[in-house]
Amino acid sequence: MRTIVFASRNTKEILRDVITLFFGLVFPLVIMVLLSAINSSIPKEAAEATTLFQIQNLAPGISVFGLSFISLFSAQLISKDRTTSFVLRLFTSPLKAFEFILGYTLPLVPMSIAQTAICYIAAIFFGLEVTPNILLAIVVNIPIALVFIALGLLAGTFLNEKAVGGICGALLTNLSAWFSNIWFDTSLVGGWFESLANAMPFAHAVNSARYVISGEYGKIMPELMWVIVYAVVLLALAITAFTMKMKRNK
Amino acid sequence: MYAIKTTNLTKKYKDKTAVNSLNLTVNKGELYALLGVNGAGKSTTIKMLSCLIPPTSGDALLLDNSIVSDSAKVKQLINVSPQETAVAEKLSVRENLELVARIYGADRKTAKSKVDDMIEKFDMHEIVNSRAKTLSGGWQRRLSIAMALISEPEILFLDEPTLGLDVLARRELWTVIEKLKGKITIILTTHYLEEAEALSDRIGIMAKGELKAENTAENLKRLADTDSFEEAFIRIAGEGVK
């Protein structure tokens, strides 16, 4: 019950932050509108050769990219609670470390699902075919959402509010954009860049979402497993880091 | 039974001893002020007593419960109003109070009743639906103390409750604290000597991690052979009059 009460407070804090909400929900949609407009202006021959910006590929990519802003939500929340000493008040309460992490994480999961759903609904207006695969694609995005939430929790546990803006708002969103196959195929760059992209979870998340939309079900799990492992490891790290922070009271 | 009894309570950070073998007792219902210059060890003491950090050695019993072996029980009996206002900024006054009440186990109905009670006691009718971040410093401090009291603690830690407030807001908060005297045990840390003198039953003065003296303000002045409490503090904190 304590976890639910704390999670409810966190939900209110996030939903009442208009600027963060704008970046989380509206900004990815703006990018989709712009890229769809660019794609529709590309000559037919070139458009057929460049499939990356076609809506069935673009929508899964944007849905993953949009989730990178979730890190900003979780990081800012924890960091602000630390800097205002609100978390100090809660540390003296009966709340335990795992209840804190669950309380910070739980509100962001439905928000991530809503964000992905909004992204796909918008994509329908740009020509994405309506199939049950869209529902599966929303589910498939949950592991990468957990990755971003955990990264935010880690950043918020160690960094101040200003720093998390830089790390999660700029660095992480760029990382997830560059190494994810959303804007360009990393295999075209090749070498260490492609290896690094394949070692990170972002490209695998985008690939699995694209396979869902294209109905290539057999290819989903090998890609998604990467993301699931990352999610489990990063969440475990976030809980450990937060517990240590609680004990050291910093 | 004492509200607080520490036995050789010690906290060391590598080669630095923040609190050295502290032995103090606080009676039930007493308002005990802990004074000291920066780095004297009072904040570390409060952190250990409120189970935020474990002691390196020694122990403290809060209403007979050990901070070392029974911190979960201690946490149910205490609450803290930290130095910073420590409120949830985007939540309203009512929501802030409800949050703390429910984290300490109150159901929705009980929490609402407790919130109404706090709003009445702290005269917060006019700000009850305002978001915390829009409140003045004085109102935020008042809310912070109300949040600490809503769990009905038996021991309340007030860490620099009037820091940064103007004279009027400070005096208003003094009135609030005075009303609590005798009802619960309060440990107050402050840099304002006149605040400790005006509000406390007893005062402990710490320096270099040790308790240099503890007594009533009047007796401390007598011990230091001066009529001024500020002068008494300087002499004790500087020299360690017992």
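Quick rundown of the values:
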| quantity | calculated |
| --- | --- |
| Per-region count, the stretch B:49-75, residues facing chain A (nearest Cβ under 7 Å) and touching a residue at least 60 places away in the same chain (Cβ under 8 Å) | 1 |
| Among residues of the stretch B:172-190, those that are surrounded by 14 or more Cβ atoms within 10 Å (Cβ to Cβ) and farther than 23 Å from B:Tyr2 by Cα, counted | 4 |
| Segments classed as strands (runs of 3 or more DSSP E), wholly inside the stretch B:123-242, with at least 1 members that are polar (S, T, N, Q) and in contact with a Lys or Arg (Cβ under 6 Å, 6 or more places away or on another chain) | B:185-189 |
| Qualifying residue in the stretch B:17-35 (condition: small (Gly, Ala, Ser), within 14 Å of the chain's Cα centre (by Cα), part of a strand (DSSP E or B) and surrounded by 23 or more Cβ atoms within 10 Å (Cβ to Cβ)) | yes |
| Unmet requirement for B:Glu89, which otherwise passes all of (1) surrounded by fewer than 23 Cβ atoms within 10 Å (Cβ to Cβ); (2) more than 9 Å from chain A (Cβ to nearest Cβ) | (2) |
| Those residues of the stretch A:95-132 which are in a loop (DSSP other than H, G, I, E, B) and surrounded by fewer than 16 Cβ atoms within 10 Å (Cβ to Cβ), in sequence order | A:Lys96, A:Gly127, A:Glu129, A:Val130, A:Thr131, A:Pro132 |
| Every pair of residues 6+ apart whose Cβ atoms lie under 8 Å, when the first sits in the stretch A:2-22 and is over 14 Å from A:Leu72 (Cβ atoms) and more than 10 Å from every other protein chain (Cβ to nearest Cβ) while the second is among the aromatic types (Phe, Trp, Tyr) and surrounded by 21 or more Cβ atoms within 10 Å (Cβ to Cβ) | A:Ala7/A:Tyr104 |
| Filter result for A:Ser195 (in contact (Cβ under 8 Å) with a residue 12 or more places away in the chain and over 30 Å from B:Cys51 (Cα atoms)) | no |
| Filter result for A:Val164 (at pLDDT below 90, in contact with a Ser or Thr (Cβ under 7 Å, 6 or more places away or on another chain) and in a helix (DSSP H, G or I)) | yes |
| Options A:Phe73, A:Phe65: the member that is in a helix (DSSP H, G or I), closer than 30 Å to B:Glu84 by Cα and among the hydrophobic types (A, V, I, L, M, F, W, C) | A:Phe73 |
| Flag if A:Leu88 is in contact (Cβ under 8 Å) with a residue 40 or more places away in the chain, assigned to a helix (DSSP H, G or I) and within 14 Å of another protein chain (Cβ to nearest Cβ) | yes |
| Those residues of the stretch B:76-98 which are outside any loop (DSSP other than H, G, I, E, B), closer than 27 Å to B:Ser136 by Cβ and touching a residue at least 12 places away in the same chain (Cβ under 8 Å), in sequence order | B:Asn79, B:Val80, B:Ser81, B:Ser92, B:Val93, B:Arg94, B:Asn96, B:Leu97, B:Glu98 |
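The values are calculated or read from the model by the stated rules, or taken from the named source; none is laboratory data. Nothing here was measured: the structure is a model prediction, and the numbers come from that model. Glycine also receives a Cβ, built like all others from the backbone with ideal geometry; neighbour counts cover every protein chain displayed.
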